[in-house]
Amino acid sequence: MAVVFFGDRLMTLIKITISIIVLVVGIVFFTLYRNDANLFQVPGFGKRLTVFLTTKSAETRDDHLFEELRTPVYMIDAESLYKRVTLAASQLGWKVLATDIDNQNANFVVHSPIFLFEDDVYVQVQFIDMNKSSLYVHSSSRRGKADFAANSSHIQALLNKIKNMH
């Protein structure tokens with residue numbers, strides 16, 4: 001009788017443990033999906049998952065491993081691009097911390113939808129020539145050790161909003 005009782009308790013404990021693991025894994029992958037983690041694009045699932053579970057920032061770079069985070073170049077002048085950046089950030093509901101129209105950079109705060117975590121986004125418009133400019137964007141979480149692709153998502157949201165402006 002005692003062996004059966006112990007076996008039932010052990011089995012219940014195993015079921016609870018498995019349920020918790022499945023729930024946590026489900027929440028992590030749902031969050032990554034919601035943040036447009038693009039897990040199956042180059043450089044692959046393993047590399048992307050490692051980055052999103054171990055870093056708390058993202059930025060655009062010319063040579064970024066993730067294609068969606070490579071430095072975007074626009075066929076418009078830097079002043080016009082700066083105006084688009086500030087308008088796009090406003091339309092995304094980002095809070096403006098500071099803007100510097102002379103140096104064409106701005107700092108924003110983005111709040112996560114559920115827990116209201118704050119992420120800082122810095123944007124610098126870079127002059128290339130009179131009709132061409134690019135963007136450097138850096139997004140960083142204020143808390144935690146991993147962002148679950150949230151900062152990459154902020155950058156993608158800004159770039160997509162700018163791209164869709166006419």
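Points worth noting:
- Residue order, fewest to most beta carbons within 10 Å, for L10, L116, L135: L116, L10, L135
- For the pair L92 and S57, the difference between a 0.36 nm per residue extended length and the Cα-Cα distance amounts to 10.7 nm.
- Region 76-85 - phi-based ³J(HN,Hα) in whole Hz, Karplus 6.51/-1.76/1.60, Gly and Pro as x: 9, 5, 4, 5, 5, 5, 4, 4, 5, 4
- Max mean-square fluctuation residue, GNM over the chain, Cα-Cα springs under 10 Å, options F30, F45, F115: F115
- Part-to-part distance (alpha-carbon centres) for region 19-64 and region 130-166, which is given in Å: 16
- Translational D in µm²/s for region 1-75 (Stokes-Einstein at 20 °C, 1.002 mPa s, Kirkwood Rh from C-alpha pairs): 137
- Estimated 222 nm signal from helices in the chain, with DSSP H stretches of n ≥ 4 weighted -39500 (n - 2.57), rounded to 500: -14500 deg cm²/dmol
- Positive-end extreme of charge dipole, region 35-163 - chosen from G46, A98, H154 (charges on Cβ): G46
- The simple spin-label model puts a point 7 Å past each Cα toward its Cβ; for H111 and M130 those points are separated by 4.5 nm.
- Per-residue Cβ neighbour counts within 10 Å put Y74, Y82, Y136 in the sequence Y136, Y74, Y82, beginning with the fewest.
- On the basis of the beta-carbon distance and an R0 of 22 Å, K145 and E67 show a calculated FRET efficiency of 0.30.
- Cα-Cα over 21 Å, subset of K95/K145; K47/K145; K83/K132; K15/K47; K56/K132; K47/K95: K95/K145; K15/K47; K56/K132; K47/K95
- Per-q log10 I(q)/I(0), region 35-163, q = 0.14, 0.17 Å⁻¹ (Debye; single scatterer per alpha-carbon; no solvent): -0.59, -0.86
- Packing rank of 118-128, 59-69, where each peptide gets the mean count of other beta carbons within 10 Å, highest leading: 118-128, 59-69
Taken together, the values in this text are just the output of simple stated rules run on the coordinates, not laboratory data. None of these values were measured; they are calculated from a predicted model. Backbone-built Cβ (ideal geometry, glycine too); neighbour counts: all protein chains shown.
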